[in-house]
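Since the structure comes first, as structure tokens, the remarks are kept for the end.
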Amino acid sequence: MITEQQTINKPEIENNVDLNKEEGCYIYCIIGDGEGRKFACPAIGSRQDEVYSISYQDVAAVISASAVMKYPISRENTMAHQKVLEELMNDFTVLPVKFGTVASGKDGFCAAERIREEVLKVRYEELKNLLLKMDAKIELGLKAFWVDMKTIFQEIVDENDEIKKLRRKLISKPVSRPFGEKATLGEMVKDALERKKAKEEKDILNVLKKACVDQCSNRIFGDEMITNSSLLVEKSRAEEFDGLVDELAATYNGRMKFKYVGPMPPINFVELVIALED
């Protein structure tokens with residue numbers, strides 16, 4: 001999106017942000033860039049502030065003017081934050097900053113000056129190393145679900161002799177059969193389901209690891225979800241990764257369904273915490 005960016009010099013940026021020493025700055029991310037730029041993407045909040053960057057040597061913070069406040073974790077706000085990251089990742093290596101990070105002015109220094117001096121300058125080596133680590137990489141998300149849970153539960157019974165025997169025993173008893181045995185059966189099935197889920201998740205990730213640099217598992221919801229994984233992939237291998245997902249979909253056709261999203265900035269692999277409140 002270089003055509004949508006406008007390079008501006010540091011004095012111009014500093015003049016813009018110095019107009020109000022009490023104003024804060026919302027911080028979206030750190031990028032590898034030595035120029036001050038303006039970006040076309042809309043800022044978080046309803047004020048229609050401008051998104052721009054301030055730099056120290058060859059690293060820059062992407063910010064917008066903001067009231068010093070705590071931003072609610074709403075869909076509107078999180079999407080605005082994410083949209084800036086997604087726009088920038090087309091042209092830069094992006095290090096996401098934790099949602100809701102606002103810097104304030106302090107001791108006569110405006111928020112932007114504090115970001116440059118207390119973050120970009122002080123943490124320069126850390127940021128440079130992270131930018132190098134994340135260079136030319138994207139995050140892809142994959143969720144896998146079982147299609148028919150009746151089939152899965154039947155597989156569990158067929159694969160586990162103890163569950164099979166207890167189930168037959170309970171079926172042969174009257175309706176008033178002991179609750180304790182039913183509870184035991186429920187726990188056995190639950191444990192078997194988790195083991196089955198872990199095994200099948202491992203099988204899926206073993207296929208995908210051929211084309212990814214790193215992987216992390218996110219929270220799983222419900223019995224149907226097998227994996228909710230974020231994968232760090234070299235941009236040059238994204239097409240190869242797509243092919244592996246297609247391979248999985250064909251292999252498990254009718255048994256699993258897959259939800260595949262991306263590319264995204266590496267939010268699950270880097271999330272910078274910056275504390276510059278007053």
Check your understanding: So, in the stretch 257-278, of the ones that are touching a Leu at 6+ places or on another chain (Cβ under 8 Å) and either of a type in the set (G, A, S) or not in a loop (DSSP other than H, G, I, E, B) (or both), which residue ends up nearest to L88 (Cα to Cα)?
Key -> M264
Check your understanding: Would you call L95 among the hydrophobic types (A, V, I, L, M, F, W, C) and either out of contact with any strand residue (DSSP E or B) (no Cβ under 9 Å at 6 or more places or on another chain) or surrounded by fewer than 23 Cβ atoms within 10 Å (Cβ to Cβ) (or both)?
Key -> no
Review point. Within the stretch 107-116, is even one residue at pLDDT 90 or above, of a type in the set (G, A, S) and either over 17 Å from E271 (Cβ atoms) or in contact with a Ser or Thr (Cβ under 9 Å, 6 or more places away or on another chain) (or both)?
Key: yes
Check your understanding: Does L244 satisfy the condition of being within 30 Å of A67 (Cα to Cα) and surrounded by 16 or more Cβ atoms within 10 Å (Cβ to Cβ)?
Key -> no
Check your understanding: Quick check: anything in the stretch 212-232 under 24 Å from I156 (Cα atoms), more than 20 Å from the chain's Cα centre (by Cα) and of a type outside the set (G, A, S)?
Key -> yes
Practice item. All but one of (1) without any contact (Cβ under 8 Å) to a residue 60 or more places away in the chain; (2) in contact with an Asp or Glu (Cβ under 7 Å, 6 or more places away or on another chain) hold for R75, so report the exception by its number. Key: (2)
Practice item. From (1) farther than 26 Å from V270 by Cβ; (2) modelled with pLDDT of 55 or more; (3) of a type outside the set (V, I, T), pick out the condition that doesn't hold for A60. Key: (1)
Review point. Which of the following residues is closer than 25 Å to I204 by Cβ and modelled with pLDDT under 95: N90, N160?
Key: N160
Point to revise | Qualifying position, being out of contact with any strand residue (DSSP E or B) (no Cβ under 8 Å at 6 or more places or on another chain), under 30 Å from R123 (Cβ atoms) and modelled with pLDDT under 95, among A183, A192, A275, A198 | key: A275
Review point. Which residues, taken from the stretch 1-45, are at pLDDT below 85, within 21 Å of Q82 (Cα to Cα), among the aliphatic types (A, V, I, L, M) and not in a helix (DSSP H, G or I)?
Key: M1
Check your understanding: Going by the conditions given, is R167 surrounded by 12 or more Cβ atoms within 10 Å (Cβ to Cβ), assigned to a helix (DSSP H, G or I) and at pLDDT below 80?
Key -> yes
Review point. Is it the case that some residue within the stretch 46-62 is in a loop (DSSP other than H, G, I, E, B), within 22 Å of the chain's Cα centre (by Cα) and β-branched (V, I, T)?
Key: no
Practice item. Examine the stretch 126-135 for a residue that is modelled with pLDDT under 80 and not in a helix (DSSP H, G or I), and state whether such a residue exists. Key: no
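The values are calculated or read from the model by the stated rules, or taken from the named source; none is laboratory data. Note that the coordinates shown come from a computational prediction; the quantities given were computed from them, not determined experimentally. Note that each Cβ is placed from the backbone with ideal geometry, even for glycine, and that neighbours are counted across all protein chains shown.
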